[in-house]
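Just below is one structure, and these are the notes that go with it.
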Amino acid sequence: MAIHVDADACPVKEEIYKVAFRHGVPVTVVSNSPIRVPQHELISRIVVSDGFDAADDWIAERAAPGTVCITADILLADRCLKAGGTAISPTGKPFTLNSIGSAIATRAIMADLRAGGDVIGGPAPFSKTDRSRFLSALDEVLVRLKRRG
């Protein structure tokens, strides 16, 4: 088992470390620029180039059954799921093979609206409820993977 974090804008890194330490699961924090991470044997940091989707590509290439991808990027979540991995958003929403298609379609519609000049709101502000939901979702996924393992 392993956790790969799309870390550049991830608001739940501390929560990831907390759950990973409890379960003894290694975490790789992937970003385009150096990010502080705890000095711990379970935590590693990968700094990729600033090329378009470089962090996503690194994570997707390593996604496999038993890996958990933490990302808000729907297209990266899709790549992880197709490789047999698990994907969770920082708000605790699990991406599944059943839900990813509609998430991608919604993303495309919103991009088209923005390109057409429509003013649409962004995502809701990150909340304590999101943080709590994320902690529960990550813990649940790791327990499920351990049982399968």
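Each reported figure results from applying straightforward, stated rules to the coordinates on display, with no laboratory input. Small disclaimer: the values here were computed from a predicted structure and weren't measured. Please note: Cβ atoms are built from the backbone with ideal geometry, for glycine as well, and neighbour counts cover all protein chains shown.
Describe numerically, in nm with one decimal, the distance between label points set 7 Å from Cα along Cα→Cβ at Leu75 and at Ala124.
Those two pseudo-labels are separated by 2.7 nm.
For a quick size check, give me the Cα extents of region 1-135 along its three principal axes, largest first, whole Å.
48, 32, 31
Grab the chain and count how many Lys pairs have their alpha-carbon atoms under 18 Å apart, sequence gap of 8 or more, or different chains. Let's see the in-between values first.
Numbers: Lys13/Lys93; Lys13/Lys128; Lys18/Lys128; Lys18/Lys146; Lys82/Lys93; Lys93/Lys128.
Summing the qualifying lysine pairs gives 6.
Beta carbons within 10 angstrom, averaged per residue: use that to sort the peptides 69-77, 29-37, highest first. Before the final figure, lay out each step's value.
On the way: 69-77: 23.0, 29-37: 15.9.
Result, highest mean first: 69-77, 29-37.
Considering the chain, which cysteines have no disulfide-compatible partner, defined as another cysteine with its Cβ under 4.7 Å away?
So far as the 4.7 Å Cβ criterion goes, Cys10 stand without a partner in the chain.
Going by how many other beta carbons lie within 10 Å of each one, how would you line up Val27, Val5, Val19, fewest first? Display every interim value, and only then the final one.
Numbers: Val27 24, Val5 28, Val19 21.
So the ranking, lowest neighbour count to highest, is Val19, Val27, Val5.
Please get the size of the charge dipole for region 31-149, origin at its Cα centre, with Cβ charges of +1 on Lys and Arg and -1 on Asp and Glu, quoted in debye to the nearest 20. Provide the component values of the computation, followed by the final result.
Numbers: 15 positive and 13 negative charges, 116 e Å.
Dipole about the Cα centre, nearest 20: 560 debye.
Hey, rough spin-label estimate for Glu41 and Arg144, points 7 angstrom out along Cα→Cβ, what's it come to in nanometres?
In this crude label model, Glu41 to Arg144 measures out at 3.0 nm.
Starting from the Cα-Cα distance between Ala111 and Asp53, subtract it from 0.36 nm times their residue separation and give me the gain in nm to one decimal.
On the way: separation 58, 0.36 × 58 = 20.88 nm, distance 1.75 nm.
Going from the current span to full extension adds 19.1 nm.
Considering only DSSP beta bridges where both residues belong to the chain, give the percentage that are antiparallel (nearest 5). Show your work: numbers first, answer last.
Working: 2 of 18 bridges.
If we restrict to bridges inside the chain, about 10 percent are antiparallel.
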